[in-house]
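Accompanying notes for the structure given below.
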C-alpha cells in the first residue's frame, strides 16, 4: 500500500535565550490511505508540535524546521509555502485540535465558520453551505443543530466546541485527518460515537488518520500502527497488537501501565460536623431558548440546571460527571458567581457565593488552558497573577518556582510564554495558578483531560497530597471515570441538567443503579454500550415549574433519581 504521507528526518529547533534547543529530532514515519497511525507519548514529547509544524501551524519564530521532508500527495509540505499550505488545510488535510477555542473564531457563529470552510474549498453557495453545516453538526451529535449553529463558541460547552471542530475538519472529506486529542473533552459514550464517526469517514472516503493522543483506550479502538515518542524522538513503533501486547521499551510499558483503569474508588470521608465547603440547594439555572419573534406565546427557557442540590465537605473531592452539555460547567459558573440562578442558594464555607467569590476564595482550573492564560505573560506572571491582583506583588517570580515544581514543571519553564509550552504543560500552569492563592475551594473543569496517563497520575497524586495536608475541598468536573475512581470520595452523575445518581465512588462505579450511569461505566470499561436514548424535557415556559425528580436512597449514602420521573 503506497504512503499518502511520508516523513523523513524531520527535526525542529526552538530558539531560546541560551541558543537553539532541539524539540523534535530525526522523525520518520509513513501513513497510507485508509490507515490510522496513533502517535503517543507524554506531554512535551513533541508529538503535537511535529504535526503542526508540518502543516505550517507551529509558531515561527521561536520554532523552526531544521531538516527533513514531509511528502503529501507528491508535494513537500515543508517547501510549498504558506499559500500552498492554506489551500491544503481544510480541503485535503483536516485538523482537529486539542483546544477548540484556539481553532474557533470567538466573534463568529459556529455554523457560519463551518460554512465558510465549505464555501472556500468546495465552491458551494452560502445557503447550501449553511445547510451542510447544520447537517454536519447534527452528525457529530449536537442537539438542536440548527439552533446551535447560530451560537458563538462561548455559548457552547467545551465538549460541544470540540464537536464543532470535528464537524469543520470533516466538512470537505479530506484524504488526511490530523486529530490532536480529538475526544479529550467528551464523556465515554459520546467519545465512542465520535470515534465511530471518524471510522465511518475513513471507510467512506479511504482517508488516513493521524491520532495524537495520550488515551490508550482510544489507541486500542482506533489505531492500526503506533508511534511512541519521548523527548522529541521515536523510541518505538510497530503494529498496534505488537506494541500493546509486547512493548520493547520500558517507557512504552510505563505509558501502557499508567493508562489501565482502576474502578475501585476512594474511601468516602467520615461525615463532617462543620459546615460544608460548598453547599448547593435546589439550584435552577435557565437561559432563553430559541423563539420565533412573531410568536405570541410566552418565551421558553432552556433549563441548564434543573433543581440540583449538592454538598462538598472540607477535605472531600466530589466528582461531577456527565456528557457535554449536561449542566456541569453551568454549576461551576454558578458556584463562582458568574451565573445568576433563577432559584436556589449557594454557600461557600457558610457564606453566600457572592461574598466568597469577591474575596477570591474560590479558584477555577479551566478545561481549555489556552483560553485562560494571557499569551503576553511569561509563565510565572500567569501563575502569580491572582496574587498580584490582590496586591501581593513581592518576589512573585521566586515564589512561583516551588509551585512550578509541585505541578511537574521546573525552573526552565518559568520565563517561557504559553505558546512555547505543550498543551499538557499549559494545563499544569493553570493548576499552579489556581493553587497560588491557597483557596478555600477549587473547582476543576476537566483539569487533567489534556494530560498523558503518567502526568495525569502525577497531578492526581498532587491533588491528593495537597488535600491530605491542607484539607483542600474540590468539585472535580470530568468525563473520565478512571480519574473519578482515582481521586473522588463521592461521584454525582448528571444528564440534561438533572442529578441522576450520587453516592460513594466505589458504590456508584461498582453497582450503578441508573441506566445512564451503567452506560458510562460500561463504556469506560471498553464494553459495548450506548447512553439511553430517552431525551430530557429541558424546555419549558418562563415561570414554569422545573422538571427535577426526587432522589431515593438505595443504599446508605447512595441516591438515585426516582425512575418514574428521571430521564
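Where a number appears in this text, it was derived from the coordinates with a stated rule and is not lab data. In this text, all values refer to a predicted model and were calculated from it rather than measured experimentally. Positions of Cβ are generated from backbone atoms using ideal geometry, with glycine treated the same way; all protein chains shown enter the neighbour counts.
Report relative contact order for the range 38-168 in percent, whole number only (criteria: Cα-Cα under 8 Å, sequence separation at least 6).
Here the relative contact order equals 22 percent.
Angle, helix 423-435 long axis vs. longest principal axis of the chain, Cα atoms, 0 to 90°, nearest 10?
Long axis of 423-435 versus the principal axis of the chain: about 30 degrees.
Please work out the ratio of the alpha-carbon Rg of the range 71-145 to 2.2 N^0.38 Å and round it to two decimals.
1.25
Just the number: Rg to Rh for the range 370-438, Cα atoms, Kirkwood Rh, two decimals.
The Rg/Rh ratio comes out at 0.91.
In what sequence do 412, 455, 120, 505 fall when counting other Cβ within 10 Å, fewest first?
On the way: 412 11, 455 22, 120 15, 505 25.
Lowest count first: 412, 120, 455, 505.
Using helices alone, what [θ] at 222 nm do you get for the chain, with -39,500 (n - 2.57) per DSSP H run of 4 or more residues, divided over all residues and rounded to the nearest 500?
-10000 deg cm²/dmol
Specify the inter-centroid distance of the range 16-41 and the range 378-402, based on alpha-carbon positions, in whole Å.
Centre-to-centre distance over Cα atoms comes out at 34 Å.
How do 216, 107, 14 line up, fewest other C-beta atoms within 10 Å first?
Details: 216 22, 107 8, 14 18.
Final ranking by Cβ density, sparse to dense: 107, 14, 216.
How far is helix 126-139 tilted off the main Cα axis of the chain, in degrees rounded to 10, range 0 to 90?
Its long axis makes an angle of about 70 degrees.
Over the Cα atoms of the chain, Rg to Rh with Kirkwood Rh, two decimal places? List each step's numbers first, then the result.
Working: Rg = 23.5 Å, Rh = 24.6 Å.
Answer for the chain: 0.96.
Applying a 10 Å radius around every beta-carbon, put 219-227, 124-132, 375-383 in order of their mean neighbour count, most first.
Result, highest mean first: 219-227, 375-383, 124-132.
Quick check on the exposure proxy: order 236, 82 from fewest to most C-beta atoms within 10 angstrom.
82, 236
Just to confirm my numbers, what's the Cα centroid distance between the range 330-349 and the range 160-239 in Å?
Cα centres, the range 330-349 to the range 160-239: 36 Å.
What is the range 370-438's relative contact order, in percent, from Cα pairs under 8 angstrom and six or more apart in sequence?
In percent, rounded to a whole number, it is 47.
Taking the Cα centre of each part, how many Å lie between the range 415-465 and the range 60-138?
Comparing the Cα centres of the range 415-465 and the range 60-138, I get a distance of 30 Å.
How much length, in nm to one decimal, is gained on full extension between residue 128 and residue 554, taken as 0.36 nm per residue of separation minus their Cα-Cα distance?
That works out to 148.1 nm of additional length.
For the chain, what relative contact order do you get, as a whole percent, if you take Cα pairs closer than 8 Å and at least 6 residues apart?
16
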